[in-house]
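Read the structure below first, then the notes.
The values are calculated or read from the model by the stated rules, or taken from the named source; none is laboratory data. What you see is a predicted model; the values in this text were computed from it and never measured. Cβ atoms come from the backbone with ideal geometry, glycine included; neighbour counts cover every protein chain shown.
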Amino acid sequence: MPDDQFIDEKSGVNANVSSSSQYYPEFSELTTLRYFPDSRAKNCYWFPVTPNTTYQIRGTFFYGNYDNQTTVPNFQMAIEGTIVASNFISEVNVIAYREISYVPQRNVTFLCLLRDTTNAVPFISAISLVRCKPEAHVLAHYLHMGYYYVTQFRWNFGGNGIIRYVISQNYVRVPLK
């Protein structure tokens, strides 16, 4: 679904990423991204959630040299005001993910992209928000105590595909204008 309903209408600019079909033809969500060229300190998405319920939010990032600068930008990602990732994109044509499991305390949660000291332009290709069954999550007890669980990498040993979420009604694709 488009991201417009989850972000300020004046925030960010949509861009096409032509190299995505060359590197990842099976992932249509990588053909576009939203970048944030204005100098505001943070750019936030907000999502309705059920308080005290375990969620997993995943940011997907594919730079793909959309701006013809050939320099991968450094920036930070924050959930609920806590920085959970920074400088995590390594190469121009490589997908980067950041998955965070946590328990929001209010009926809305925030994913924000922040400029760091390099002042580079943040961007995002896709966001997914999945409600988890607390009993199925190994760290549910710690998550309810206010901790975050961040997945750094997922490897598909012996496979040729990238591990990804099952697309559900809670899947948000950024952007589809």
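Below are the figures for this structure:
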| read-out | value |
| --- | --- |
| The listed residue being among the polar types (S, T, N, Q), more than 11 Å from the chain's Cα centre (by Cα) and over 19 Å from Asn14 (Cα atoms), out of Thr70, Thr109 | Thr109 |
| Where a residue in segment 1-13 is free of Cβ contacts under 8 Å to residues at least 24 places away in the same chain and its partner, wherever it lies, is not acidic (Asp, Glu), with Cβ under 6 Å and at least six apart | none |
| Enumerated strands (runs of 3 or more DSSP E) restricted to segment 78-147, each holding at least 1 residues that are modelled with pLDDT under 90 and not small (Gly, Ala, Ser) | 82-86, 96-102, 126-131 |
| Among residues of segment 36-73, those that are among the hydroxyl-bearing types (Ser, Thr, Tyr) and buried (at least 20 other Cβ atoms within 10 Å of the Cβ), counted | 5 |
| Residue pairs meeting the criteria (Cβ under 6 Å; at least 6 apart or on separate chains; first aliphatic (A, V, I, L, M), in segment 19-34; second at pLDDT 90 or above) | Leu30/Phe62; Leu30/Ser125; Leu33/Ala15; Leu33/Val17; Leu33/Phe123; Leu33/Ser125 |
| Selected residue (only one of Tyr35, Tyr23, Tyr63, Tyr45 is on the phi < 0 side of the Ramachandran plot, of a type in the set (Phe, Trp, Tyr) and touching a Cys at 6+ places or on another chain (Cβ under 9 Å)) | Tyr45 |
| Residues of segment 74-94 classified as of a type outside the set (Asp, Glu) and surrounded by fewer than 16 Cβ atoms within 10 Å (Cβ to Cβ), total | 8 |
| Check on Ile7, surrounded by 19 or more Cβ atoms within 10 Å (Cβ to Cβ) and more than 19 Å from Arg131 (Cβ to Cβ) | yes |
| Residue within segment 8-25 that is among the aromatic types (Phe, Trp, Tyr), within 12 Å of Phe123 (Cα to Cα) and assigned to a loop (DSSP other than H, G, I, E, B) present | no |
| Checking Val108 against (1) surrounded by 19 or more Cβ atoms within 10 Å (Cβ to Cβ); (2) closer than 15 Å to Phe6 by Cα, the condition it does not meet | (1) |
| Check on Ala120, within 12 Å of the chain's Cα centre (by Cα) and either in contact (Cβ under 8 Å) with a residue 40 or more places away in the chain or surrounded by fewer than 19 Cβ atoms within 10 Å (Cβ to Cβ) (or both) | no |
